[in-house]
Amino acid sequence: QVQLVESGGGLVQPGGSLTLSCAASGFTFRWYAMSWYRQAPGKERELVAEITTGDSTNYVDSVKGRFTISRDNTKNTVYLQMNSLKPEDTAVYYCKPVGIRSWGQGTQVTVSS
């Protein structure tokens, strides 16, 4: 059974930083690309960042240069380092293995002064 547990969200001021973590289990983590999505109130869930099994990364234009996705295959964990946060980054953030239909509970990120 696939399990994804996101953590690290919270309330941060504009310009601040947060690091999200996602602990995965129930599948062979190192075999899958991993992604981070987010869903803001009243909006559709959008892909934010993706990391392949070979550590290649892709980002949505709105977070390029500010967010960094990484993975630790020894810990079955994917991370999202978020810097220079903006109010428009406010959303629930989810991780997801590419090609597996499973979601965690998400972690709330609120950027506000």
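Things to note:
- Segment 29-113 - convex hull of alpha carbons, volume per residue in Å³: 101 Å³
- Taking 20 Å as the straight-line reach from the Cα of Lys96, the lysines in range (excluding those fewer than 8 positions away in the same chain) are Lys43, Lys64, Lys75.
- Using the alpha carbons alone, the radius of gyration of segment 1-72 stands to its Kirkwood radius in an Rg to Rh ratio of 0.96.
- Most fluctuating residue given options Val63, Val78, Val48, as computed from a GNM of the chain linking Cα atoms under 10 Å: Val63
- Counting only DSSP beta bridges with both residues in the chain, the antiparallel share comes to about 90 percent.
- Solvent-accessible area, 1.4 Å probe, carbon plus sulfur percent, for the chain: 46 percent
- Between the amide H of Gly10 and those of Val109, Thr110, distances stay under 5 Å, these residues lying 5 or more places away or on another chain, with hydrogens modeled in the peptide plane.
The values are calculated or read from the model by the stated rules, or taken from the named source; none is laboratory data. Here the structure is a predicted model, which means the values were calculated and not measured. Note: accessible area is taken over every heavy atom of the protein model, side chains too, but ligands, DNA and RNA are not part of it. Shrake-Rupley method; radii C 1.70, N 1.55, O 1.52, S 1.80 Å.
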